[in-house]
Amino acid sequence: MDIFWEELTSGLPDTRQLVRVIIRLMAATLLGAVVGIERERAGKPAGLRTHILVSLAAATFAVLTLELAAGADGNGVQSDPIRIIEAVTAGVAFLAAGTIIFARGQVHGLTTGASLWLAGAIGVACGIGYYFIALLATVLATFILVVLRWVEAALPQKRPPPVPEEDPAARLD
């Protein structure tokens, strides 16, 4: 039983570092929720929980990267924290791309995809400990998603491209 407990607790940082990790993950959760709430209120499929999970996952990867780098004791372990940002960017971009659809000559889901990508960036910023950048990105995202929606509504509406009609003769073949 001692071996089991030792294995479970061996990766825990000291108390001060543990508090730092908790703050970073909670910040990512809260700031991801701010963006997600707006998407939820707009009735988008990627809403509150999705944005929170993306932000939290990105922060978790960032914290893990920093912990691995700090734990390297010169035994040939090399760490490049930039790689985690690249990996999160690629992973979240893949997820965000799945929210974008093209139907009837129109593209849908671009804003949701972009907000998911930003939630990932907010999570990385929290995970690394750059709270001001994460907070500023959250404030700007909320402004863009809420205020600019009102601006867009006030602008003259774009006409969608005409949908080509099916040739009735083509159905006879």
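The percentage of C-alpha pairs in region 11-70 whose separation is greater than 13 Å is 62%. Accessible surface comparison of 122, 84, 133, probe 1.4 Å, protein chains only, largest first: the order is 133, 84, 122.
On the basis of the beta-carbon distance and an R0 of 22 Å, residue 70 and residue 139 show a calculated FRET efficiency of 0.15. Give me the net charge for the shell around residue 116: Cβ to Cβ below 14 angstrom, other residues only, Lys and Arg +1, Asp and Glu -1. Charge balance near residue 116 sits at +1. Other residues with beta-carbon under 15 Å from the beta-carbon of residue 130 carry, at +1 per Lys or Arg and -1 per Asp or Glu, a net charge of +2.
For residue 142, the accessible area of its heavy atoms, probed at 1.4 Å with every protein chain present, is near 40 square angstrom.
The values are calculated or read from the model by the stated rules, or taken from the named source; none is laboratory data. All of these numbers come straight from a predicted model, not from anything done at the bench. Positions of Cβ are generated from backbone atoms using ideal geometry, with glycine treated the same way; all protein chains shown enter the neighbour counts. Just so you know, the surface numbers come from the protein's heavy atoms only, side chains and all, with ligands and any DNA or RNA stripped out. Shrake-Rupley method; radii C 1.70, N 1.55, O 1.52, S 1.80 Å.
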